[in-house]
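Working notes for the structure below.
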Amino acid sequence: MCGIGVTSAMERTCRPAAASERIAASRPAPGPFTKTSTWRSPCSNALRTAFSLSLAAFQMPAGLLAERIGERLPLAAGTVAAGAAYALFSLAAGYISLLVLILLAGVGSAMQHPLASSLVSKVAPAGERRSMLGVYNFSGDLGKMVVAFLMGSLAGLFGWRAATAGYGLVVAAAGVMIFVALVTFGVGMRPARQ
């Protein structure tokens, strides 16, 4: 069911047989998220796993890359790539295209954890590194809650495609701003050769 014909399968399986025409008419048009938004769906679980797997698999390579070229470019490029993937979610025609975009979003997001933590450690005074990393991690968790609330609200108002496109554009713009800020402050450059 997760393959090419996922939309037609969703049309058959997602219509409540006993629902009135008015309830059935209020359902969203079939798309990649119509059936894949339940915990029991193998498709939904595969999509969640794909993001987590790519996020986990690319954090070590991100750290190794930053040791060679610095944090600046991988962090900014990863954020832009994740934003582009989120924005392109709105154009996903089916399961396979959504899966590829989720993998790209995971790879881009993988740059953030090791590289941003490294930058916080570099700029924080020696006695304040632990508390600064705590503030950084707390802020990230708080941001995840705020984004989840905003995305749910925006998806309810404008539909999931518009919400993810807007979110992706904001994330991509943040990647550009991260690059400009790191260049401006002279942070995240290529490490000096020893």
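The values are calculated or read from the model by the stated rules, or taken from the named source; none is laboratory data. What you are looking at is a predicted structure, and each value in this text was computed from that prediction instead of being measured. Virtual Cβ from ideal backbone geometry, glycine too; neighbours counted across all protein chains shown. When the accessible area is computed, the model is the full protein with side chains, heavy atoms only, and any ligands, DNA or RNA have been set aside. Shrake-Rupley method; radii C 1.70, N 1.55, O 1.52, S 1.80 Å.
Things to note:
- Selection within region 122-165: residues that are within 14 Å of the chain's Cα centre (by Cα), under 22 Å from GLY94 (Cα atoms) and without any contact (Cβ under 8 Å) to a residue 60 or more places away in the chain. The member of this set that is surrounded by the most Cβ atoms within 10 Å (Cβ to Cβ) is ALA163.
- Hits in region 89-116 - residues which are of a type in the set (Gly, Ala, Ser) and open to solvent by less than 30 Å² (accessible area, probe 1.4 Å): SER90, ALA92, GLY94, ALA105, GLY106, GLY108, SER109, ALA110, ALA116
- Listed by position, the helices (runs of 4 or more DSSP H) inside region 112-194 whose residues that are in contact with a helix residue (DSSP H, G or I) (Cβ under 9 Å, 6 or more places away or on another chain) and among the aromatic types (Phe, Trp, Tyr) number at least 3 are 160-184.
- Of the listed requirements (1) within 18 Å of LYS144 (Cα to Cα); (2) open to solvent by 30 Å² or more (accessible area, probe 1.4 Å), ARG68 misses just one: (1).
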